[in-house]
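A.B. asks: Would you mind keeping the following structure in view while I ask a few things?
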Amino acid sequence: MTLEQMKREDSIPVVIVNSLGIITYVNGAFEDAMGWESPAILGRSLTLIIPEYLRDAHNLGFSRFLTTEQPTLLEHPIQLKAVDRNGREFVAEHFIIAEKVDGEWCFGATIKELDGEERSGAGN
Amino acid sequence: MPEIEYGPLLRQLRSTLGKLEVALGAIDEAIVWTDHQGLIQWCNGAFDRLVQRPHFRNLGEPLQQLLPLEHAGAGSGGGGHPWKQAAEGGVIRGLYRFSQGESIRALEVSASRVEVDRQASIVMTMRDVTEETQTRERIRRLMRQNQLILDSAGEGVYGLDPEGRTTFVNPAAARMLGWAVEELIGQPQHQVIHHSRADGSAYPAEQCPIYAAIREGVARTVRDEVFWRKDGSCFAVEYTSTPIVEEGEIQGAVVVFRDSTERRLAEADTARRSRLLMLLQRITEAANEAESVEQVMRFALDRICAHTGWPLGHVYLTDPESSSRQLVPTRIWNSGADSRYDDFRSLTEVTEFKVGRGLPGRVTSTRQPYLLADLSQDPDFARADGARRAGLVSAFAFPVTVGSGVTAVMEFFSTARAEPDVFLLEIMGQVGRQLGEVIQRKRAETRLHQSNRDLEVFASVASHDLQEPLRKITAFGDRLEEVSGEALDDRGRLYLSRMTAAAGRMQVLIDDLLQYARVSSRGRPLERLDLDQLIRQVLSDLETGIEESGARVELEPLPRVEADPSQMGQLFQNLIANALKFRHPERTPEVRISGRMVSDSTRPWCEITVADNGIGFDQQYGERIFEVFGRLHGRTAYPGTGMGLAICRKIVERHGGTIAAHGDPGRGARFRIRLPARRDPGKEVEQ
């Protein structure tokens with residue numbers, strides 16, 4: 001999957017950030033699921049949709065990839081918690097990709113909320 | 001205010017954070033950060049490896065479920081998960097067990113609570129010390145085993161540092177040395193236990209082999225030194241000092257030692273027993289060489305006095321003439337006795353004992369050696385006053401036994417008190433028995449010598465005094481026949497002829513007896529002899545008789561012997577002539593002479609057999625035929641004096657050999673001669 005393909009996705013929430021972790025794109029499904037409208041979230045930090053207790057880990061991991069360019073989470077589905085505009089925390093399957101655009105890394109992710117049965121384990 | 005460029009700033013921060021993340025991920029220690037609820041906010045790669053889960057799956061997880069920990073009894077902490085205790089405000093540092101499936105890891109855990117943004121967080125670090133713990137446990141067990149070995153060892157063991165100071169001592173070493181273990185630790189060991197030699201002279205540390213092992217890095221074993229106890233006494237030790245070398249550097253030495261007092265005593269006892277046995281052997285050998293019984297006694301007295309250091313030795317003899325079995329003193333003493341014992345000697349030389357009384361009498365009645373440790377305390381020691389004046393304190397005596405009787409008692413006196421010595425007395429008992437055998441042999445030799453002298457005298461008488469009248473009888477008989485033969489009637493001539501024949505036989509008898517007597521007295525020195533050649537000469541001498549009888553003589557190769565050629569010639573001439581004389585009337589006589597080397601328990605022998613197919617004899621006469629004038633047949637049937645085989649036996653016995661006859665009536669006879677294959681120089685048996 002590529003960033004372009006992600007942008008064409010309209011049934012699953014998609015978010016794209018630049019190398020600074022600033023949100024540059026969300027699709028309609030994202031707006032519906034997360035309660036954010038595009039103008040309100042574009043240009044803001046991705047940590048908005050990450051629970052507070054995972055933000056440090058996110059910042060460290062994100063920075064490590066930019067420093068080492070060695071992925072650990074990319075291009076396979078992972079379960080991570082997310083938080084919507086109302087502060088509701090939920091478990092979602094993330095599929096994250098990275099691409100260089102004009103020499104800068106850009107990251108895209110699909111965020112598919114999982115119900116209880118779909119989760120591989122409580123909290124996982 | 002200029003516009004802030006957040007982009008570069010963020011990039012810079014990202015870069016710094018990325019490097020920090022990489023660094024934290026590279027260390028071996030697991031680090032985990034949780035919020036106040038215990039949910040993992042961040043962990044490093046070592047933590048991921050510890051719980052064996054992907055990094056992203058650990059984030060947000062409750063730490064206590066992901067990493068259940070059990071306190072392992074070391075450090076602070078105790079009950080409960082360290083995260084929980086840290087959350088409650090404690091600072092935890094301790095050893096915990098982390099079980100995951102069948103694997104159990106030992107973790108050194110540190111947990112503490114920090115306030116970030118007014119929020120409580122818990123930081124935990126974990127170091128996997130499983131292998132360290134296992135190694136430490138193995139070392140602990142090994143050290144415990146070593147300690148048990150050292151504690152239970154019978155040998156003393158101590159360690160030295162490079163300066164020779166004691167680093168450890170096992171209980172056996174401390175016990176032997178009479179010090180407490182803690183008193184010896186840190187002490188310069190040479191100065192404490194090894195400062196002097198056995199004779200009390202100083203033992204410089206630079207000469208000490210134990211320290212030499214440290215200096216030179218080579219193990220040293222010493223068997224004949226002493227260690228000194230705390231109380232100032234010393235004991236014999238044998239020790240090995242082995243350098244401790246680590247990475248090429250000598251770190252000290254380990255010394256293993258044992259108390260060798262008993263070993264040295266045992267060695268000394270063995271050496272003493274060996275010397276006593278040698279004494280017994282020498283006395284026996286020398287006694288065999290002695291020319292008289294008295295010389296035997298004197299030699300034994302001298303050797304025993306020299307060996308024991310006892311200054312006085314004497315011999316009592318049993319008196320065969322005495323019906324009450326009296327022991328009579330002799331003037332046989334050890335040579336070189338000090339003059340201060342003269343009075344005691346004089347007293348002894350007039351003191352007789354009945355069997356059972358006094359030291360000599362007691363030894364005679366019991367036939368056992370006896371030691372009197374204190375002469376003054378023995379009421380039965382009649383010469384006590386004399387002994388006291390001479391300064392004699394102890395005595396021992398042993399019987400010289402011949403068969404079941406006691407022929408002499410040898411007694412010895414000492415100026416120092418002697419303690420009972422079972423082995424000495426046992427050996428002296430053996431000396432007594434050996435001397436008895438020698439004395440018995442000497443007496444037999446003396447009797448034989450006397451007998452031979454008597455025979456020689458007879459021979460001399462026979463050769464001169466008997467032969468002269470015999471010659472006259474023969475001569476006058478011949479004259480009578482010449483002068484008056486015609487005048488005599490037939491009866492007279494018969495009488496005359498029988499008289500001269502009898503005189504002739506008597507001459508042969510006397511000649512044979514002379515020959516018998518001279519086997520001992522006229523024998524020639526023994527020499528290496530070719531028996532084949534000698535027997536061929538004998539056969540040549542007997543040629544006429546062999547031809548007349550038509551006999552067949554078979555001679556096999558014979559060994560060389562040391563013998564008197566003349567007597568060997570006589571021996572085989574008698575045996576072969578015997579075979580021809582006692583031939584079977586219906587058979588061609590056959591004589592077979594063969595030889596071989598044989599050995600028995602005493603020595604090797606040359607065995608020569610002369611066998612014939614003659615008339616043989618009944619084996620019951622196998623000995624009688626060797627007797628002087630021993631005959632099995634009438635003179636008419638087989639002429640001769642009956643001296644031939646007696647001479648044969650005397651010749652063989654003079655050579656230290658044996659002869660035996662085996663007869664089979666009507667079939668033949670076999671004579672087996674054994675002569676010593678090697679002869680002791682100068683040895684010849686008197687017959």
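A.B. asks: For the stretch A:38-47, how many residues are crowded, with 17+ Cβ neighbours inside 10 Å and more than 14 Å from chain B (Cβ to nearest Cβ)?
C.D. replies: Matching residues across the stretch A:38-47 total 1.
Condition check ((1) exposed (fewer than 14 other Cβ atoms within 10 Å of the Cβ); (2) more than 10 Å from every other protein chain (Cβ to nearest Cβ)) across all residues:
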residue: A:Met1; (1), (2): yes, yes
residue: A:Glu4; (1), (2): yes, yes
residue: A:Ile22; (1), (2): no, no
residue: A:Ala33; (1), (2): no, yes
residue: A:Trp36; (1), (2): no, yes
residue: A:Ile49; (1), (2): no, yes
residue: A:Leu54; (1), (2): no, no
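A.B. asks: Related question: Check whether at least one residue in the stretch B:269-277 is in contact with a Lys or Arg (Cβ under 8 Å, 6 or more places away or on another chain) and either at positive phi or surrounded by 15 or more Cβ atoms within 10 Å (Cβ to Cβ) (or both), and report yes or no.
C.D. replies: Checked the stretch B:269-277: no residue is in contact with a Lys or Arg (Cβ under 8 Å, 6 or more places away or on another chain) and either at positive phi or surrounded by 15 or more Cβ atoms within 10 Å (Cβ to Cβ) (or both).
A.B. asks: If you scan the stretch B:2-61, which residues turn out to be of a type in the set (Ser, Thr, Tyr) and more than 28 Å from A:Glu104 (Cβ to Cβ)?
C.D. replies: Hit for the stretch B:2-61 is B:Thr34, nothing else.
A.B. asks: Filter the stretch A:78-120 for residues that are within 25 Å of B:Leu20 (Cα to Cα) and β-branched (Val, Ile, Thr); which is farthest from the other protein chains (Cβ to nearest Cβ)?
C.D. replies: A:Ile97
A.B. asks: For the stretch B:459-485, what are the residues that are closer than 16 Å to B:Asp512 by Cα and either among the polar types (S, T, N, Q) or surrounded by 15 or more Cβ atoms within 10 Å (Cβ to Cβ) (or both)?
C.D. replies: Answer for the stretch B:459-485, where residues must be closer than 16 Å to B:Asp512 by Cα and either among the polar types (S, T, N, Q) or surrounded by 15 or more Cβ atoms within 10 Å (Cβ to Cβ) (or both): B:Ala459, B:Ser460, B:Ala462, B:Ser463, B:Leu466, B:Gln467, B:Leu470.
A.B. asks: Kindly provide the set of residues from the stretch B:623-643 that are modelled with pLDDT of 80 or more and not β-branched (Val, Ile, Thr), ordered by number.
C.D. replies: B:Glu623, B:Arg624, B:Phe626, B:Glu627, B:Met643
A.B. asks: Name the single residue, out of those in the stretch B:483-507 being over 19 Å from B:Ala462 (Cα atoms) and touching a helix residue (DSSP H, G or I) at 6+ places or on another chain (Cβ under 7 Å), that is modelled with the lowest pLDDT.
C.D. replies: Residue satisfying both the conditions and the ranking: B:Gly485.
A.B. asks: A further question follows. Which members of the stretch A:1-45 meet the condition of being under 22 Å from A:Leu60 (Cα atoms), hydrophobic (A, V, I, L, M, F, W, C) and in contact with a Cys (Cβ under 9 Å, 6 or more places away or on another chain)?
C.D. replies: Across the stretch A:1-45, the qualifying residues are A:Ile16, A:Val17.
A.B. asks: May I ask you to list the residues in the stretch B:131-163 that are surrounded by 13 or more Cβ atoms within 10 Å (Cβ to Cβ) and touching a residue at least 60 places away in the same chain (Cβ under 8 Å)?
C.D. replies: Selection gives B:Glu155, B:Gly156, B:Val157, B:Tyr158, B:Gly159, B:Leu160, B:Asp161, B:Pro162.
A.B. asks: Moving to a separate point now. Residues in the stretch A:68-82 that are under 12 Å from the mean Cα position of the chain (by Cα) and either hydrophobic (A, V, I, L, M, F, W, C) or surrounded by 14 or more Cβ atoms within 10 Å (Cβ to Cβ) (or both): how many?
C.D. replies: The total comes to 7.
A.B. asks: Return the residues of the stretch B:592-622 that are in a loop (DSSP other than H, G, I, E, B), at pLDDT below 85 and not basic (Lys, Arg); say none if nothing qualifies.
C.D. replies: Scanning the stretch B:592-622 gives B:Asp600, B:Ser601, B:Thr602.
A.B. asks: Name every residue in the stretch A:56-77 that is modelled with pLDDT of 85 or more and at the interface with chain B (Cβ under 8 Å from one of its Cβ atoms), in order of residue number.
C.D. replies: A:Asn59, A:Leu60, A:Gly61, A:Phe62, A:Ser63, A:Arg64, A:Phe65, A:Leu66, A:Thr67, A:Thr68 - these are the residues of the stretch A:56-77 that are modelled with pLDDT of 85 or more and at the interface with chain B (Cβ under 8 Å from one of its Cβ atoms).
A.B. asks: Another one. Residue by residue through the stretch B:470-528, note down the ones that are within 24 Å of B:His449 (Cβ to Cβ) and in a helix (DSSP H, G or I).
C.D. replies: B:Ile510, B:Asp512, B:Leu513, B:Leu514, B:Gln515, B:Tyr516, B:Ala517, B:Arg518, B:Val519, B:Ser520, B:Ser521
A.B. asks: Could I ask something else about it? What do you reckon, is B:Thr641 surrounded by 15 or more Cβ atoms within 10 Å (Cβ to Cβ), in a strand (DSSP E or B) and not acidic (Asp, Glu)?
C.D. replies: So B:Thr641 fails the test.
A.B. asks: Please work out which one of (1) modelled with pLDDT under 90; (2) surrounded by fewer than 15 Cβ atoms within 10 Å (Cβ to Cβ); (3) of a type outside the set (A, V, I, L, M) is the condition B:Thr588 fails and give its number.
C.D. replies: Going through (1) modelled with pLDDT under 90; (2) surrounded by fewer than 15 Cβ atoms within 10 Å (Cβ to Cβ); (3) of a type outside the set (A, V, I, L, M) one by one, B:Thr588 breaks only (1).
A.B. asks: Which residue is nearest to A:Arg44 (Cα to Cα), if the candidates are limited to the stretch B:10-46 and must be among the hydroxyl-bearing types (Ser, Thr, Tyr) and surrounded by fewer than 18 Cβ atoms within 10 Å (Cβ to Cβ)?
C.D. replies: B:Ser15
A.B. asks: Determine if the stretch B:166-179 includes at least one residue that is more than 30 Å from B:Asp259 (Cβ to Cβ) and among the hydrophobic types (A, V, I, L, M, F, W, C).
C.D. replies: The answer is no, given that none of the residues of the stretch B:166-179 is more than 30 Å from B:Asp259 (Cβ to Cβ) and among the hydrophobic types (A, V, I, L, M, F, W, C).
A.B. asks: If a residue has to be assigned to a helix (DSSP H, G or I) and in contact with a strand residue (DSSP E or B) (Cβ under 7 Å, 6 or more places away or on another chain) to count, how many in the stretch B:419-430 make the cut?
C.D. replies: Selection size over the stretch B:419-430: 3.
A.B. asks: Which of the residues spanning the stretch B:496-530 are touching a Gly at 6+ places or on another chain (Cβ under 7 Å) and not hydroxyl-bearing (Ser, Thr, Tyr)?
C.D. replies: Residues satisfying the conditions are B:Leu496, B:Met499, B:Ala503.
A.B. asks: Tell me which strands (runs of 3 or more DSSP E) are completely within the stretch B:184-288 and hold 3 or more residues being in contact (Cβ under 8 Å) with a residue 60 or more places away in the chain and β-branched (Val, Ile, Thr), or say none if there are none.
C.D. replies: B:249-259
A.B. asks: If you don't mind, there's one more thing I want to ask. I'd like to verify a number: residues in the stretch B:289-312 that are in a helix (DSSP H, G or I) and over 20 Å from B:Leu277 (Cα atoms), how many?
C.D. replies: 3
A.B. asks: B:Leu59 fails exactly one of the following numbered conditions: (1) in contact (Cβ under 8 Å) with a residue 60 or more places away in the chain; (2) more than 24 Å from B:Glu132 (Cα to Cα); (3) among the aliphatic types (A, V, I, L, M). What is the number of that condition?
C.D. replies: Among (1) in contact (Cβ under 8 Å) with a residue 60 or more places away in the chain; (2) more than 24 Å from B:Glu132 (Cα to Cα); (3) among the aliphatic types (A, V, I, L, M), the lone unmet condition for B:Leu59 is (1).
The values are calculated or read from the model by the stated rules, or taken from the named source; none is laboratory data. Given the structure is predicted, the values throughout are model-derived calculations rather than measurements. Glycine also receives a Cβ, built like all others from the backbone with ideal geometry; neighbour counts cover every protein chain displayed.
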